[in-house]
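Asks: Dropping the structure in here first, questions after.
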Amino acid sequence: MEYYNRLNKIKQQSVSRIFYSLLILVAFATPLSLSRWMTTGFLPIYSIHILVFLAAVILFLKRARTPIIVMEVFLVVCSMTIGLGTTITFGISANTASMFMFLLLVTSIRRTKSELLIISGFYLAIVSLIAYLFTDGYLTPRVDYEIALLQPVTWISNLLIMVIAGYAAIDAILKLNEVKLSLLNNISKQKLQIEHLANHDNLTGLLTLRVANDRLKAAINKASRNQEMCFLLFLDLDGFKLINDKYGHDVGDKVIQTVAKRMLAVTRNTDSCCRIGGDEFLIILPGVKDNKIVIKICQRIIEEIVNPIFIGDDKVSVGVSIGGANYPNDANNSDSLKKLSDMRMYKVKETGKNNFSLCD
């Protein structure tokens, strides 16, 4: 919703900028156009220029109370009137095409594709009718365009149209592209956030069980290729239920978060830490060549976790029981590794807790 509101605001600002560009254009072009009055005589196109200029000034003075749709309609009518008026006066000319492009620019900002086709189709139909009237002799140019080309004012007015209308087009396109780029960035960020939420535990930021299962299978495959070991550690906190019951879930959550941080601090960058739920965790240790590495990690985990945890004025402590199993010596698939490490973890709990077991 925020993006659409911002996009709509940018579109309104683009229409306003184009209106100001038209105001500047007619402010310069109208006197230049009228300067040809003495050589060409009064032409209907001069009336159109004067009316457009006066209407633009009135809208500018009342711009604070003028709905954006009124400005948009005004720009469409002006584009058609000036373009078609110039075509009737001189025949097909650069203004016929430039006003058509100006019309497309205005209508493409806030109108639908169907509305754009209808409006542009109407303009082209009128131009086609004028072309028919010229080619069949019903209309003749009011001014010889070859003579008009020799007058500096013709070139100046056309250059003004090209510069100002071109600037308005570039400005509108750049602003819209800026919003679209912002949207793509927001979508990318939201996608990353969604992926993070789907793959990580909300409380601790550790991996979810689903991701851990994928990591474990990948670690087993890598160990098989490289002829090395892959360890799975199953961890369960000791004494956590007592803390939860005594101090409440808020303190319990902070204990879990602290334990997760301590686990991450003592494991390797290549290891994967996962929270299964409650006070249970998994740690995947890929690329192990020597059991001593795993023993050292288990010892450091226990040493870190048993350290007191200070939460406000409260000081609490938990222990941890760890059971481990490895591929390929203990099991040859992920499910068997999980079952065996779980069994060894419970055996630690039964024989004193706050320790680890990597074998039966």
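Asks: Residues being surrounded by 20 or more Cβ atoms within 10 Å (Cβ to Cβ) and among the hydroxyl-bearing types (Ser, Thr, Tyr): count how many of those fall in the stretch 56-95.
Replies: 4
Quick grid of which residues meet (1) open to solvent by less than 80 Å² (accessible area, probe 1.4 Å); (2) modelled with pLDDT under 80:
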site: GLU178; (1), (2): no, yes
site: THR204; (1), (2): yes, no
site: VAL211; (1), (2): yes, no
site: ARG215; (1), (2): no, no
site: GLU228; (1), (2): yes, no
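Asks: Could you check the stretch 253-271 and list, in sequence order, the residues that are more than 20 Å from LEU209 (Cβ to Cβ), in a helix (DSSP H, G or I) and not charged (D, E, K, R)? Break it down into steps so the answer makes sense when it comes.
Replies: Quick first cut of the stretch 253-271, residues more than 20 Å from LEU209 (Cβ to Cβ) only: 254-255, 258, 262, 265-266, 268-269.
When the remaining residues are screened for being in a helix (DSSP H, G or I), the result is 254-255, 258, 262, 265-266.
Passing the criteria: VAL255, THR258, ALA265, VAL266.
The rows are residues; the columns are (1) in contact with a Ser or Thr (Cβ under 8 Å, 6 or more places away or on another chain); (2) closer than 23 Å to LEU25 by Cα; (3) at pLDDT below 85; (4) among the aromatic types (Phe, Trp, Tyr).
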site: LEU75; (1), (2), (3), (4): no, yes, no, no
site: CYS78; (1), (2), (3), (4): no, yes, no, no
site: SER93; (1), (2), (3), (4): yes, yes, yes, no
site: SER98; (1), (2), (3), (4): no, yes, yes, no
site: LEU105; (1), (2), (3), (4): no, yes, yes, no
site: GLU115; (1), (2), (3), (4): yes, no, no, no
site: PHE122; (1), (2), (3), (4): no, no, no, yes
site: LEU133; (1), (2), (3), (4): no, no, no, no
site: PRO141; (1), (2), (3), (4): yes, no, yes, no
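Asks: Ok, one more. Among the residues of the stretch 184-200, which ones are open to solvent by 70 Å² or more (accessible area, probe 1.4 Å) and polar (S, T, N, Q)? It would help to see each step written out before you state the result.
Replies: Of the stretch 184-200, the ones open to solvent by 70 Å² or more (accessible area, probe 1.4 Å) are 184-185, 187, 189-197.
Result: ASN185, GLN190, GLN193.
Asks: Then there is this: Report yes if LEU285 is among the aliphatic types (A, V, I, L, M) and assigned to a helix (DSSP H, G or I), otherwise no.
Replies: The answer is no for LEU285.
Asks: While we're here: Do you know which residues across the stretch 272-307 are open to solvent by less than 40 Å² (accessible area, probe 1.4 Å), of a type in the set (Val, Ile, Thr) and closer than 18 Å to THR208 by Cβ?
Replies: Passing the criteria: ILE283, ILE284.
Asks: Mind checking which pairs have a first residue in the stretch 264-280 that is more than 13 Å from LEU206 (Cβ to Cβ) and a second that is open to solvent by 40 Å² or more (accessible area, probe 1.4 Å), Cβ under 6 Å, 6 or more apart or different chains?
Replies: Note: pairs meeting the criteria are VAL266/ARG300; VAL266/GLU304.
Asks: Which condition breaks for ILE297 when tested against (1) over 20 Å from TYR346 (Cα atoms); (2) touching a Ser or Thr at 6+ places or on another chain (Cβ under 7 Å)?
Replies: (1)
The values are calculated or read from the model by the stated rules, or taken from the named source; none is laboratory data. Keep in mind the model is a prediction, meaning the values are calculated, not measured. So basically every Cβ, Gly included, is an ideal-geometry build from the backbone, and we count neighbours across all protein chains shown. Surface areas here come from the heavy atoms of the whole protein model, side chains and all, with no ligands, DNA or RNA. Shrake-Rupley method; radii C 1.70, N 1.55, O 1.52, S 1.80 Å.
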